[in-house]
Every structure is written in C-alpha cells, then in structure tokens.
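Notes follow the structure.
The values are calculated or read from the model by the stated rules, or taken from the named source; none is laboratory data. Everything numeric in this text was worked out from a predicted model, so none of it was measured. In this analysis, Cβ positions are derived from the backbone assuming ideal geometry, glycine residues included, and neighbour counts consider all displayed protein chains. For accessibility, only protein heavy atoms count, side chains too; no ligands or nucleic acids. Shrake-Rupley method; radii C 1.70, N 1.55, O 1.52, S 1.80 Å.
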Amino acid sequence: MALRTIRIQGDPVLEKVCRPIEKMTPKIKTLIEDMFETMYEKNGVGLAGPQVGVLRRIAVIDTDGTPYVFINPKIVATDGEQTGDEGCLSIPGKSGTVTRPNYVKVEALDKNMEPFTLEATELLARAVCHELEHLDGILYTTHVEGELHDVYYDEEELEEEE
Ligand code: NI
C-alpha cells in the first residue's frame, strides 16, 4: 500500500467526469487499498478517484469504522434534508454549510464487483452525496450557503480527547 497525492482545488482533474470501471484488476485493487490508506492518513471520511488523479467511478467512505467501497455508484432514492458543515480533503483547512438529503439509497458494486444496495442517513448520507459528486467533477463549494470558513484545530486538544 502507498499514500497517494491528494489533488487540490484548482487541479483540472477535479472538474472532469469519471468513466465507469468495467472489471476488477490488480491496479484497481491497489488503488482501493491506497485510497483507504490516504483517507485515513488525512483523517478524512471519504475519498473519490479524481482526488488521487484517477478518473474512474470509484469512492471510499468510512464515517464510523465501517469501510465502504463504491464502484460505479448511483443514488436511486433520497429523502429529507440535513444542513451542516462539510469539508473536503481537496480543499484543506476549509469548511462550509451545505444542505443535503438526510437519507440516500445508493446502488453500487463492491470491491469484488458484486452489486449491493446501501441505505444511509445523516453523516454517511452526506458523505455518499459528496463523494459521488466528485465522480462528476462537482465540488461541495458549489452548494455552500454563505462563505467558506477556516477550520482550526489544536493537535494537543485532539490527542487529549482520544
Ligand atoms: Ni471531497
């Protein structure tokens, strides 16, 4: 496994529409492992292909200790609304208020190219919406209500909380 370089806003790769994945290959297996490693290293809860320069329809998400791989994902139902803070590893140090569905139903292929359906609410639903938009070249800043704000955190405080 290896850390991948995260592309930062302004990189044109983040604005492109990704192609579907047709079959699992050793290269994509490695990509999945690397995406998880990179996401965890940066304390993110989701990462999409274009963020590591790969224009394929793939995203990884882990909001609560359950890792998910989404290949060729599609949101098939949404319900409700949630408004809250959102950030992106491609826009480091910033966050903004975004309204998303509070529930999404997503169909995708897993890391074995097996179809699955996931019903997600709250943070996981938000992450699904955010990551899937990356696959169509859309960043959350498109949806931000008001201004982006700076995120500050104190590393010592974070350690004490753990
Ligand atoms: Ni993002």
All conditions in (1) open to solvent by 60 Å² or more (accessible area, probe 1.4 Å); (2) in a loop (DSSP other than H, G, I, E, B) are true of Asp85 except (2)
| request: Please work out if Lys29 is away from the ligand (no atom under 15 Å from the Cβ) and of a type in the set (Lys, Arg). | output: yes
Going through segment 20-41 in order, the residues found to be surrounded by 13 or more Cβ atoms within 10 Å (Cβ to Cβ), charged (D, E, K, R) and within 23 Å of Leu139 (Cα to Cα) are Asp34, Glu37
Result of the Cβ filter at 9 Å on segment 136-150, keeping first residues that are part of a helix (DSSP H, G or I) and partners that are more than 16 Å from the ligand (Cβ to nearest atom), at least 6 apart or interchain, is His143/Thr99
Counting only residues in segment 117-128 that are more than 19 Å from Arg56 (Cβ to Cβ) and either part of a helix (DSSP H, G or I) or open to solvent by 70 Å² or more (accessible area, probe 1.4 Å) (or both), the one nearest to the ligand (Cβ to nearest atom) is identified as Arg126
Condition set of a type outside the set (Phe, Trp, Tyr) and within 11 Å of the ligand (Cβ to nearest atom), scope segment 137-153, selection surrounded by the most Cβ atoms within 10 Å (Cβ to Cβ): answer is Leu139
Checking Ser90, Ser95 in turn, the sole residue that is part of a strand (DSSP E or B), farther than 25 Å from Lys23 by Cα, within 14 Å of the ligand (Cβ to nearest atom) and hydroxyl-bearing (Ser, Thr, Tyr) turns out to be Ser95
Within segment 12-50, residues in a loop (DSSP other than H, G, I, E, B) and free of Cβ contacts under 8 Å to residues at least 60 places away in the same chain come out as Pro20, Glu22, Thr25, Lys42, Asn43, Gly44
Across segment 98-116, the tally of residues that are assigned to a strand (DSSP E or B), in contact (Cβ under 8 Å) with a residue 12 or more places away in the chain and either open to solvent by 30 Å² or more (accessible area, probe 1.4 Å) or among the basic types (Lys, Arg) (or both) stands at 6
